[in-house]
1. In whole Hz, with x marking every Gly and Pro, tabulate ³J(HN,Hα) for segment 183-193 from phi via Karplus 6.51 cos²θ - 1.76 cosθ + 1.60, θ = phi - 60°.
2. Using alpha carbons only, what's the Rg to Rh ratio of segment 151-214 with Rh from Kirkwood?
3. Express the relative contact order of the chain as a whole percentage, based on alpha carbon pairs under 8 Å and six or more residues apart in sequence.
4. Relative to a virtual label point 7 Å from the Cα of residue 198 in the Cα→beta-carbon direction, which members of segment 148-172 show backbone nitrogen distances below 17 Å?
5. Where a ≥ b ≥ c are the square roots of the eigenvalues of the C-alpha gyration tensor, would you call segment 5-141 rounded, which needs a/c under 1.5, or, failing that, prolate if a/b is larger than b/c, or oblate?
6. Stretch residue 132-residue 150 to full length: gain in nm at 0.36 nm per residue minus the Cα-Cα span?
7. Fully extended, how many nm does the chain gain between residue 171 and residue 93 (0.36 nm per residue separation, minus their Cα-Cα distance)?
8. For the pair residue 86 and residue 142, how long in nm is the line joining their label points, each one 7 Å along Cα→Cβ?
Amino acid sequence: MGLKLEDHVFRILQNQKKLGEYLGEHQWSFNMDKGLLTFFDKQGKVLIEFPVQIIGTEGYKANTWLWSWANTKSNIPDNLLVAANTIKEAGTKENLDQFTKAELPLEPNLGVNLSIISAGYLGHFAYFPCKYEGGCMYVTIEKPPVSINNVTDFQTVFSTLRMGMSSFKMNQKQAVMAYLGDKFTILEPNKFKWDLDTGSVEIQFEENNSIKEFKASPKK
């Protein structure tokens, strides 16, 4: 897997959904010295703490994205920059400017896209947007809560595909193949079926690789 959105988007979106369901209605706080992102329930009780890596920030006044390794003003501890530096090194090898330029002009979904790619490339579980007045800091969460079910069932696939299709500009066929893998049945040209533990998913693609239609069915 490389530094393309298509390589990671659906897996990370699936994990984002599971994380949201686990947390429910919540609040959060971040301790940079400890590198801990803490979530609280409505009563202020700690739900869970995650060690995180800082990827970068969106600055709304400057209208830019700033990679964390270039953010010298925030005095980010070196141990929280390991992930972003790894992404920078990979981007340098592939000659990809968006991963090696310290600052980028903001575009729609830029922080989300770069966080999905970073989390996916590093094998991390998910990302989280830490919003603050005037901007948003994006972090990655390396491991899921122990109680989260990692099974990819047909219902999860259905909801994940719907969410990704409507939210991201990408080669949808490549993204689906990266998500569901190469163990599929070809039903007809540009129509494929994946058999999962709990059911199956059928997807038909347009000539331009966008999803034309899809359905998910329980195992009979």
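1. For segment 183-193, the Karplus-derived couplings read 8, 10, 10, 8, 7, 6, x, 6, 10, 10, 10 Hz, x marking Gly and Pro.
2. Numbers: Rg = 11.0 Å, Rh = 11.9 Å.
Reported Rg/Rh, Kirkwood definition of Rh: 0.93.
3. Across the chain, relative contact order equals 21 percent.
4. Backbone N within reach: 148-163.
5. On the way: a/c = 1.67, a/b = 1.39, b/c = 1.21.
Note, shape of segment 5-141 comes out prolate.
6. Here the answer is 3.4 nm.
7. Extending this stretch completely gives an extra 25.8 nm.
8. Between residue 86 and residue 142, the simple spin-label model gives 0.8 nm.
All of the numbers you see were taken from the coordinates with simple rules; none came from a lab. Note that the structure is a prediction, hence the values are computed from the model and not measured. For neighbour counting, all protein chains shown are included, and Cβ atoms are generated from backbone atoms with ideal geometry for every residue, glycine included.
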